[in-house]
Amino acid sequence: MVYTHFNLLPVSPTVLSEGAPIQTVTIIILAYMPILMMSRVEGKLFSPLAYTLGFALLGALIFTLTLVPVLVNALLRKNVKEKHNPIVHFLTGICMGIFKFNFRNKRLALIVTTIIIAIGLYAFKFLGTEFLPELNEGSIWVRATLPYSISLDTSMAKAGQMRAIMIKFPQVRRIMSQTGRPDDGTDVAGFYNNEFGVSLYPQEEWDPKISKEELIDTMSKALAVIPGADLNFSQPIMDNVEEAVSGVKGSICVKVYGDSLDYMEEQSTKVYNVLKKVEGVDDLGVIRNIGQPELDIDLDQSKMALYGSVLYLCFPLVQVLAGPGWAQRQ
């Protein structure tokens, strides 16, 4: 049957609505695709939501197409009447009006739809993979990694020195520190590991008025007087979440696997040298598994001759300064 006017639709609404459940579920699942593409903490937190909702919608769709028609046919045999719903009637009128307009202007509708799809596909490459902003927790978590061979007494002394430096900042309210691994044994760390919880005053009370990034930069420069300390600045909650996600204290990490500690140490150094040249990378460090700090003393024999000193007289002096058994000739 062919209609010469568009007062009536050539297709009944019942026919148009037969594929509605599949279309609706498909659109909703596609709307959650950006969540599945997230990385870092966001991906770990929100991807289970997207997977759960997607599987639930697929299950509901299968249930709608299989069991629901059987139940309707068995339970709703008598006195089934369609009641007038003004809200649904109003929304149906709008949808049908849009459909009639697009049906009358097929070429225009096709052109506009193609342009919208092309713009959407082009904008897809600008879609970020990070969702959560970096929240200000009102405190700073500082991790100081000292030389691996440091003793407990020396490490505690350095921790006290760092506390004394940070407490001088007027923005700092109080500081607590932890030396070594935690009591629950979740971190494999020795005496070289020191962590500081730095509680800050509200930012509107800071004097001088500086940003948190500027405070961290100034604090890092002040702590640079501690020899051999590798500093990492984070926040308490962020630090724990990132460790739970990646296994290390950092938002992004590169893990090197192998069966040789020496080889992995060499490759880690190469990765470090590459990453430190990347623009935007800050607070970069390497978690080492082997190696002890060494101090190489290269004596200038020409200058020693000016004072009438010889090489074999300097070695006992170095032994006295370093301690017995800690100095050797090469």
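Packing, as the average of other Cβ atoms within 10 Å across residues, places the peptides 224-236, 82-94, 307-319, 22-34 in the order 224-236, 22-34, 307-319, 82-94, highest first. If you plug the beta carbon distance of K276 and L313 into 1/(1 + (r/R0)^6) with R0 = 45 Å, you get a FRET efficiency near 0.60.
Cross-linked pairs K44/K255; K212/K276; K168/K221: Cα-Cα separations exceed 20 Å for K212/K276. Applying the Karplus relation 6.51 cos²θ - 1.76 cosθ + 1.60 with θ = phi - 60° to the stretch 210-225 yields 3J(HN,Hα) values of 10, 7, 5, 5, 5, 5, 5, 5, 5, 5, 5, 5, 5, 7, 5, 6 Hz, where x marks Gly and Pro. Computed over neighbours whose Cβ is under 15 Å from that of D259, the net charge equals -2, Lys and Arg +1, Asp and Glu -1. Phi angles across the stretch 276-286 convert, under the Karplus curve 6.51 cos²θ - 1.76 cosθ + 1.60 with θ = phi - 60°, into 3J(HN,Hα) values of 5, 8, 7, 5, x, 7, 9, 6, 8, x, 10 Hz, Gly and Pro given as x. Taking R0 as 22 Å, what's the FRET efficiency between D153 and R181 from their Cβ-Cβ distance, rounded to 0.05? Working from the Cβ atoms, E equals 0.80. Charge tally around G160: other residues with Cβ under 15 Å, Lys/Arg +1 each, Asp/Glu -1 each, net +2.
Applying the Karplus relation 6.51 cos²θ - 1.76 cosθ + 1.60 with θ = phi - 60° to the stretch 196-202 yields 3J(HN,Hα) values of 10, x, 9, 8, 10, 6, x Hz, where x marks Gly and Pro.
Within the shell of other residues whose beta carbon sits under 12 angstrom from the beta carbon of T269, the net charge comes to 0, with Lys and Arg scored +1 and Asp and Glu -1.
Extension gain, T92-D259: 0.36 nm per intervening residue step, less the Cα-Cα distance, totals 53.5 nm.
Find how many whole Å separate the alpha carbon centroid of the stretch 34-110 from the alpha carbon centroid of the stretch 196-246. The stretch 196-246 and the stretch 34-110 have Cα centres spaced 49 Å from each other.
Every number here is computed from the coordinates shown, using simple stated rules; none is lab data. These numbers come from a predicted model, not from an experiment. No Cβ is skipped: glycine too gets one built from the backbone with ideal geometry, and neighbour counts run over all protein chains shown.
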